[in-house]
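Working notes, beginning with the structure itself.
Derivation of every value follows stated rules applied to the coordinates shown; laboratory data play no part. Quick caveat: nothing in here was measured; it's all calculated off a predicted structure. Cβ coordinates were reconstructed from backbone atoms using ideal geometry, including for glycine residues, and neighbour counts include every protein chain displayed.
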Amino acid sequence: MIQGTQQLVSTTRVGAFDLATVYRAHATDVLRWAARLAGPFLDPEDLMHDVFLVVRRRLPEFRGDAKITTWLYRITERVVRNARRRERFRRMTRRVQRGEVANALAPSPIEPSADF
C-alpha cells in the first residue's frame, strides 16, 4: 500500500506541488469551505474527498498563475454546486414519486386583494 501511495505521489508531481503535499497543507481549508458552501443536506467530508479526486486529476494542469488556495477554492465551489444540484434533483424526484409535487404544482385559486 505504501509503495502504491509513493507511486501515486510521484506520478502527480508538478513543480513544488504533489498531491500528498497539497492534501496535507490544504485539506482543512477545503473541508471548511465545503462545510460552509454545502448546506444541511450534504456531507462536507465526502465533498472534500470529491474535491481531491478532481485535484488528483487536474494537478498536472495547474500552471501556478494563481495561488493554489484560489485554485482549490474554485474547484470546491464547482464540486459543491454540482453536489447540491444532484441532491436537489434527488429530493424532487422522491417527492414526485410520492405524489407530493403534483399537489404543489396544481393551480391555486387567486384570492382577491383587500386593496381593490
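Where does the charge balance sit around M48 when Lys and Arg score +1, Asp and Glu -1, over other residues with C-beta under 10 Å from its C-beta?
Result for the neighbourhood of M48: -4.
For A35, what is the net charge nearby, where nearby means another residue's Cβ is under 12 Å from its Cβ and Lys, Arg count +1, Asp, Glu -1?
The answer is -2.
Using amide H atoms built 1.01 Å from N in the peptide plane, name the residues 5+ places from F17, or on other chains, whose amide H lies under 5 Å from its own.
Under 5 Å from the amide H of F17 lies no amide H from a residue far enough along the sequence or on another chain.
What does the charge add up to near N82, with Lys and Arg as +1, Asp and Glu as -1, over the other residues with Cβ less than 14 Å from its Cβ?
Taking every Cβ under 14 Å from that of N82, the sum is +4.
Cα gyration tensor of the range 10-99, axes a ≥ b ≥ c as square roots of the eigenvalues: rounded (a/c below 1.5), prolate (a/b > b/c) or oblate?
prolate
Looking at the range 37-76, which chymotrypsin sites (Phe, Trp or Tyr not before Pro) are DSSP coil and have at most 12 other C-beta atoms within 10 Å of their C-beta?
When the chymotrypsin sites (Phe, Trp or Tyr not before Pro) of the range 37-76 are filtered for loop state and at most 12 Cβ neighbours within 10 Å, F41 remain.
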